[in-house]
Amino acid sequence: MWGRVRRFGGRVIGSLRTEERPARRERPHNLFEAAAAYVSACAEDDQDRIEEAAGWVSPEALSFGVNELACRAVIALARERDESPRTVARSLLGLPAV
């Protein structure tokens, strides 16, 4: 997990560079597409896809998208399990119930 945090921090620093990025010819990706691709790549430990998705949007937008995806996933699992979102989130992280 900390490796992912370090890689994300490196991308944040890299995004602060003043160099221009090459123009893209294809349709730009939105933050939710980037978040979905990033999270699924992280789950599959696919470093190439992680880096590709992280380059689609700004680090701030990616962070927002990942947060929104996490919220929606926890809500969906909570409904499926008939539990509270708090219980599901703690369970997913391996934390004891409160």
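Would you confirm, using the coordinates I've provided, whether Val12 is in contact with a Leu (Cβ under 8 Å, 6 or more places away or on another chain) and either open to solvent by 40 Å² or more (accessible area, probe 1.4 Å) or at pLDDT 80 or above (or both)? Criteria not met by Val12.
Selection within segment 46-98: residues that are assigned to a loop (DSSP other than H, G, I, E, B) and either of a type in the set (Asp, Glu) or within 14 Å of Ala35 (Cβ to Cβ) (or both). The member of this set that is most open to solvent (accessible area, probe 1.4 Å) is Asp82. Reported count of residues in segment 22-45, each being open to solvent by 60 Å² or more (accessible area, probe 1.4 Å) and not in a helix (DSSP H, G or I), is 10.
The values are calculated or read from the model by the stated rules, or taken from the named source; none is laboratory data. Just so it is clear, the structure is predicted and the values come from calculations on it, not from any experiment. Backbone-built Cβ (ideal geometry, glycine too); neighbour counts: all protein chains shown. To get the accessible areas, we keep the full protein, side chains included, count just its heavy atoms, and leave off ligands, DNA and RNA. Shrake-Rupley method; radii C 1.70, N 1.55, O 1.52, S 1.80 Å.
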